[in-house]
Amino acid sequence: MEDEEKKESEPAEKDPEILEFEYNEDGEEDLRKTVKKLRGDLTACKKEKEEYLTGWQKERADFINYKKEEELRRSNFSESVRERILTRFLSVMDSFNMAFANQEVWNKVDENWRRGVEYIHSQLNSVFEEYGVNEFGEEGDIFDPNLYHSVESVKTDKKEFEHKVAKVVQKGYKLGDRVLRAAQVSVFEYEPDGTKD
């Protein structure tokens with residue numbers, strides 16, 4: 001019992017969480033000053049909370065934007081690598097097309113060997129189809145400098161042939177809407193009969 005009385009009479013250590021009240025001259029608590037101080041502390045806490053919340057929201061938005069940009073960079077890199085690999089195979093496809101172009105010679109090749117080469121060609125076509133690579137360039141197409149590279153002009157006296165593809169020298173290829181390689185073509189150039197030399 002004596003220990004308990006001792007403890008009560010000893011001054012307690014100040015806890016920073018315990019409020020200190022203002023007292024007037026008579027030693028009574030001055031409630032107005034205490035309430036004013038509490039309101040000031042509350043306002044400061046609200047302001048600090050808003051600053052922290054705003055900072056956190058900004059950092060979260062920045063992180064979300066970073067993740068989106070990183071995903072776009074990864075996607076673009078992957079697309080670029082795929083495009084480079086597929087472009088390398090275009091020369092292989094050109095070799096097949098040259099082999100098949102001279103039908104007279106091609107038909108003289110041993111049939112078993114020819115079937116094997118045609119099978120390899122169809123496998124390569126399947127890979128191109130799987131990745132969305134499409135061949136373009138036909139005689140009679142309207143010349144579009146975004147798709148075609150003109151290697152030669154062919155004179156014509158037919159107005160309706162002007163700026164159309166006369167001959168496809170090398171096929172073009174697209175990956176989706178992007179041109180992997182422009183088609184090399186000869187283009188008709190209209191020249192009326194009266195202006196020929």
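Using 0.36 nm times the number of residues separating Y190 and E160, minus their current alpha carbon distance, what extension gain do you get?
Details: separation 30, 0.36 × 30 = 10.80 nm, distance 0.84 nm.
So the extension gain works out to 10.0 nm.
Quick check: the distance between the Cα centres of the stretch 138-195 and the stretch 62-136, to the nearest angstrom?
Going from one Cα centre to the other spans 23 Å.
Can you pull out the GluC sites (Glu not before Pro) in the stretch 96-197 that DSSP calls coil and that have at most 12 other Cβ atoms within 10 Å? Intermediate results must be reported in sequence, preceding the final value.
On the way: sites: E104, E111, E118, E129, E130, E135, E138, E139, E152, E160, E162, E189; in loops: E138, E139, E162.
Loop-located and lightly packed - E138, E139.
State, as an integer percentage, the relative contact order of the stretch 133-197 based on alpha-carbon contacts under 8 Å between residues 6 or more apart.
42
If I model a spin label at R115 and F96 as a point 7 Å from the Cα along the Cα→Cβ vector, what separation in nanometres do I get?
The answer from the label model is 1.8 nm.
Compute, for the stretch 133-197, the length of the dipole vector about the Cα centre, with Cβ point charges of +1 (Lys, Arg) and -1 (Asp, Glu) only. Units Debye, rounded to 20. The partial results should precede the final answer.
Values: 10 positive and 14 negative charges, 63 e Å.
Dipole size: approximately 300 debye.
Among D157, D193, rank each residue by its count of other Cβ atoms within 10 Å, from fewest to most, as a rough exposure measure.
Working: D157 12, D193 6.
With the fewest neighbours first, D157, D193 line up as D193, D157.
Please rank D141, D110, fewest neighbouring Cβ atoms within 10 Å first, as an exposure proxy. List each step's numbers first, then the result.
Numbers: D141 17, D110 8.
Ranked by crowding around the Cβ, least crowded first: D110, D141.
Counting only residues 5 or more places away or on other chains, whose amide H sits under 5 Å from the amide H of K164 once H atoms are built in the peptide plane?
F143, F188
How would you classify the stretch 133-197 from its alpha-carbon gyration tensor, with a ≥ b ≥ c the square roots of the eigenvalues: rounded for a/c under 1.5, else prolate if a/b is greater than b/c, otherwise oblate? Display every interim value, and only then the final one.
Numbers: a/c = 3.32, a/b = 2.85, b/c = 1.16.
Prolate, because a/c is 1.5 or more and a/b exceeds b/c.
Each value in this text was obtained by applying a stated rule to the coordinates, not by laboratory testing. Note that this is a predicted model, so its numbers are computed, not measured. With ideal geometry, Cβ positions are generated from the backbone for all residues, glycine too; neighbour counts draw on all protein chains shown.
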